[in-house]
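K.L.:
Before I ask anything, here is the structure I am working with.
The values are calculated or read from the model by the stated rules, or taken from the named source; none is laboratory data. This structure is a prediction, so every number in the text was calculated from the model and none was measured. Cβ placement follows ideal geometry from the backbone for every residue including glycine, while neighbour counts extend to all protein chains displayed.
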Amino acid sequence: MTALSTAVDDRGVATVVVDHPPINLITMEVFFELGTEIERLAHDASVRAVVFRSANPEWFLAHFDVEAIQQFPREQPEPTAIGPYDQMIAGHARSQGLILVTNNEREFNRVPGLRIENWV
């Protein structure tokens, strides 16, 4: 079941109507469908503006499905990149063959080839 219908008028205005009864609850399916439609419209050269409407005059979008939210993973993945200033510090130290003295081992250990020491 699709929850969206889209029409583009001759002025390039796309109207996306959300129709997911009874209250336009944003389920995972609706969320992904919205994302796909927004991506499609963003790449359509004939579209100059997008208007979102609800098929239900009582509701626009209710909220995200709480049961779906509770299924999301709670563990956050370990970040793979370090911050921009730390990148500059690490890049300079590594390019000069220096040993970086830092207490921020968790961040700088992710830089391959960087030699670090912790004096704390």
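K.L.:
Scan the range 40-50 residue by residue and report those that are under 22 Å from the mean Cα position of the chain (by Cα) and surrounded by 10 or more Cβ atoms within 10 Å (Cβ to Cβ).
P.N.:
Listed by number, the residues that qualify are Arg40, Leu41, Asp44, Ala49, Val50.
K.L.:
Which residues, taken from the range 1-19, are under 23 Å from the mean Cα position of the chain (by Cα) and assigned to a loop (DSSP other than H, G, I, E, B)?
P.N.:
Thr2, Ala3
K.L.:
Would you mind stating whether Val30 is surrounded by 14 or more Cβ atoms within 10 Å (Cβ to Cβ), modelled with pLDDT of 90 or more and part of a strand (DSSP E or B)?
P.N.:
no
K.L.:
In the range 56-86, which residue that is in contact (Cβ under 8 Å) with a residue 40 or more places away in the chain and under 26 Å from Ala7 (Cβ atoms) is surrounded by the fewest Cβ atoms within 10 Å (Cβ to Cβ)?
P.N.:
Per the criteria, the residue is Phe60.
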